[in-house]
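Remarks on the structure that follows.
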Amino acid sequence: MDLLHPQLAAFAAVLEEGSFEAAARRLCVTPSAVSQRIKALEDRLGQVLVVRQPPCRPTPAGALLLRRVRPMQMLEAEALADFLPEKSPGAKTRPIAIAVNSDSLDTWVLGALAALHQQHGYLFDVRVDDQDHTLDLLRDGSVLGVVTADGVPMQGCAVQALGAMRYQAIAAPEFAARHFSTGVNAATLARAPMIVFNRKDALQWRFVRRITRARLSPPIHYLPTATGFVDAAALGLGWCLAPQALVQPALQAGRVVCIAPERWLDVPLHWQHAAVRSDTLQHIGAALRRAADTALHHTPSA
């Protein structure tokens, strides 16, 4: 049983599954029926909503509509679970789409998701992006909430501060001795190979700007793995910034050293989500805050 209009359900399913065929399998109808429903919805609204190329994605108008539909789906599932719990497992079986940065996922968010699953039975569809870019996934309707560095609420959204993730600059002892024997400055940073997660990752550049305003072009490794950052540094691939929680075991074992022990980078994180009265979103926000209380810093940056 669905309360949401079949045209809206088909629209959301196509964008979630990436194709008309996959959406049809999920909805237990034919691909032709899905296509007809979306075409009827586009005719009603007078705008094309779906780019019909694999994987299907929303047009700007479709993204705006998807931002409205996702909270409606969640509220629908909650309402059906209240009134018809034996016939409406959707609140527990439909994955909840959220976006987090990789470092948070690998250090403190997983514990919060596990607690939510054990207590409420929630399933999750987790999207990973840089903390400076997760908000784009909320903006285009891909997710219901994000862990983001942006504390300014987007229109129709609410924000809760979580704390700051502290990053330390590390390298293998031999690498540090070879490249930073004269200190961490513009000259040494320009020559020492640097490890960057991907081209969205601005953390290393922020750290460099704290030390020097020079325009540097150091050698760069692109390595899209949060946990592998520490291993890469320990193996002498380059220097990088890594979350304090991931760095500590390697520091204690002597596999890496802090190249600038008196300097670090604190990145404030926030939970930003659709501003609707939803038990599900309240539970997720509370679980994230509890996990963040012990994992993140709550003091001003140094």
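Points to keep in mind about this one:
- The one condition in (1) more than 26 Å from ALA13 (Cα to Cα); (2) crowded, with 19+ Cβ neighbours inside 10 Å; (3) more than 11 Å from the chain's Cα centre (by Cα) that GLY141 fails to fulfil: (1)
- Any hit, region 141-160, residues being charged (D, E, K, R) and closer than 17 Å to GLN272 by Cβ: yes
- The condition (being surrounded by 13 or more Cβ atoms within 10 Å (Cβ to Cβ), among the hydrophobic types (A, V, I, L, M, F, W, C), within 21 Å of the chain's Cα centre (by Cα) and not in a helix (DSSP H, G or I)) is satisfied by just one residue among LEU269, LEU246, LEU237: LEU269.
- Only residues that are out of contact with any Leu (no Cβ under 7 Å at 6 or more places or on another chain), charged (D, E, K, R) and touching a residue at least 24 places away in the same chain (Cβ under 8 Å) were counted across region 178-220, and they come to 4.
- Any hit, region 159-169, residues being of a type in the set (Lys, Arg), closer than 26 Å to SER217 by Cα and not in a helix (DSSP H, G or I): yes
Results for (1) within 16 Å of the chain's Cα centre (by Cα); (2) crowded, with 20+ Cβ neighbours inside 10 Å, shown as yes or no for each residue.
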site: MET72; (1), (2): no, no
site: ALA77; (1), (2): no, yes
site: VAL146; (1), (2): yes, yes
site: ALA164; (1), (2): yes, no
site: ALA172; (1), (2): no, yes
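- Which listed residue is modelled with pLDDT of 90 or more, out of contact with any strand residue (DSSP E or B) (no Cβ under 8 Å at 6 or more places or on another chain) and assigned to a helix (DSSP H, G or I), from ASP43, ASP82, ASP103: ASP43
- Condition check for GLY90 on (1) buried (at least 16 other Cβ atoms within 10 Å of the Cβ); (2) at pLDDT 95 or above: one failure, at (2).
- Filter result for ARG290 (at pLDDT 95 or above, surrounded by fewer than 16 Cβ atoms within 10 Å (Cβ to Cβ) and either within 22 Å of ARG199 (Cα to Cα) or of a type in the set (Lys, Arg) (or both)): yes
- Test: residue in region 116-126 that is part of a helix (DSSP H, G or I), at pLDDT 95 or above, in contact with a helix residue (DSSP H, G or I) (Cβ under 9 Å, 6 or more places away or on another chain) and of a type in the set (A, V, I, L, M): yes
- Any chance ALA202 is closer than 18 Å to ASP103 by Cα and not polar (S, T, N, Q): yes
- For region 47-80, filtering for residues that are β-branched (Val, Ile, Thr) and farther than 16 Å from PHE20 by Cα leaves 1.
The values are calculated or read from the model by the stated rules, or taken from the named source; none is laboratory data. In this text the structure is predicted, and so the values were computed from the model without any measurement. Don't worry about glycine lacking a Cβ; one is built from the backbone with ideal geometry, like all the others, and counts go over all protein chains shown.
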